[in-house]
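Q: Here's a structure for you.
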Amino acid sequence: MHANTVFASLKNGSPDLSEDPTAFLSPALIQCERLWKDWGRRTSWPKDQWAFVRRTIEPLLYARIEPEPEHYSGGLLNPKGAIEAQSIRLFSCSFENGPLPTISGYAQFQMMFDRVLASTADLYDWMEETDWLDWALGFGFHLQDGGEWDATYENGGIEFEIVAP
């Protein structure tokens, strides 16, 4: 059994806003949207405002990998079920599409394999043999009503990286 730290990054993950989530959003998140409208892109924000946005949004985020049977038969040893992120870091966000932001960030996972994966190339070889984890990865938002809102409806890319043992 071999434990690996796996990072999954999401670029421009956008939620499906065919329904309006505003009733389930915290006042702090609505304030973040107002800040974004006032200041635009993050590069022009005062540091304390970006810190406020990160402190507001990061605790609302979830990330999990929900493996398929092929992953288990191909050597994934984590217990059956979702693998929850150990940590999530927000790099950027944009409220141009509505009250739930488009996000970029990464999540850190601890995963167990039946073999040594010594590099990101080994991880990609394993995914090619089994099934790509891109489809198993979910990033999103926990809402005040206890529900979740997926942020991978559309995205600019998902990448995986492994920390060599």
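Q: For the chain, modelled as a Gaussian network with Cα springs under 10 Å, which listed residue fluctuates most, Thr152, Thr102, Thr130?
A: Between Thr152, Thr102, Thr130, it is Thr130 that shows the largest mean-square fluctuation.
Q: What part of the accessible area of region 113-165, given as a whole %, is carbon or sulfur when the probe is 1.4 angstrom?
A: Carbon with sulfur: 46 percent of the solvent-accessible area.
Q: In addition: Which whole-Hz ³J(HN,Hα) couplings does region 13-28 yield from phi under the Karplus relation 6.51 cos²θ - 1.76 cosθ + 1.60, θ = phi - 60°, glycine and proline marked x?
A: x, 10, x, 7, 9, 5, 10, 8, x, 3, 5, 9, 9, 6, x, 5
Q: Of Asp20, Asp150, which has the most accessible area with a 1.4 Å probe, and how do the rest follow in descending order?
A: Asp20, Asp150
Q: While we're on this one: Please work out the average accessible area per residue across the chain, using the 1.4 Å probe convention, and give it in Å².
A: That works out to 52 Å² per residue.
Q: When only Cα pairs under 8 Å and 6 or more residues apart are kept, what is the percent relative contact order across region 37-165?
A: Relative contact order, region 37-165: 27 percent.
Q: Determine the equivalent ellipsoid of region 57-112 by diagonalising the alpha-carbon gyration tensor, then write out the semi-axes as square roots of 5 times the eigenvalues, largest first, rounded to whole Å.
A: Whole-Å semi-axes of the equivalent ellipsoid: 29, 12, 9.
Q: Could you work out which residue, out of Phe95, Phe52, Phe141, moves most in a Gaussian network model of the chain, that is, has the largest mean-square fluctuation with Cα springs under 10 Å?
A: It is Phe52.
Q: Using just the helices of the chain, give the 222 nm mean residue ellipticity in deg cm²/dmol: DSSP H runs with n ≥ 4 each add -39,500 (n - 2.57), and the total is spread over all residues, rounded to 500.
A: It lands at -7000 deg cm²/dmol.
Q: Let me ask something else about it. Can you send over the carbon and sulfur percentage of the accessible area for region 1-88, probe radius 1.4 Å, protein chains only?
A: Solvent-exposed carbon and sulfur of region 1-88 make up 52 percent of the total.
The values are calculated or read from the model by the stated rules, or taken from the named source; none is laboratory data. The structure displayed is predicted, hence computed values, not measured ones. Just so you know, the surface numbers come from the protein's heavy atoms only, side chains and all, with ligands and any DNA or RNA stripped out. Shrake-Rupley method; radii C 1.70, N 1.55, O 1.52, S 1.80 Å.
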